[in-house]
Amino acid sequence: MGNESDGTAFPDGFAVPITGLLAFLFALMAGMSVFPALSGSLGDIALPIIFGAASLISFRLRQRYIAARDTN
């Protein structure tokens, strides 16, 4: 908890679990919104696609934090 900065926005240990939980949450929301989107109008299908994309982005960020942590 000092003033040292190693160039990362999150301290070690916080980024990986948070991004993992976000990826899981977005994937869960994408899965839960698929059935209502398929039974609704054509424009409703965008919501699960957006949630799926957010899940993939969060998972990719998690992989980057793991790789950055392993190289240090």
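The values are calculated or read from the model by the stated rules, or taken from the named source; none is laboratory data. Predicted model, so just to flag it, every value in this text is computed and none were measured. Reconstructed Cβ throughout: ideal geometry from the backbone, glycine too, with neighbour counts over all protein chains shown.
At-a-glance table
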| item | result |
| --- | --- |
| Subset of the range 57-72 (residues that are touching a helix residue (DSSP H, G or I) at 6+ places or on another chain (Cβ under 8 Å), within 21 Å of MET29 (Cα to Cα) and not small (Gly, Ala, Ser)) | PHE59, LEU61, ARG62 |
| Filter result (under 30 Å from ASP70 (Cα atoms) and either modelled with pLDDT under 95 or surrounded by 14 or more Cβ atoms within 10 Å (Cβ to Cβ) (or both)) within the range 29-55 | PHE51, GLY52, ALA54, SER55 |
| Long-range neighbours under 8 Å by Cβ, at least six apart or interchain, first residue in contact (Cβ under 8 Å) with a residue 12 or more places away in the chain and part of a helix (DSSP H, G or I) within the range 28-52, second surrounded by 13 or more Cβ atoms within 10 Å (Cβ to Cβ) and of a type in the set (S, T, N, Q) | ALA30/SER55; LEU47/SER33; PRO48/SER33; PHE51/SER33 |
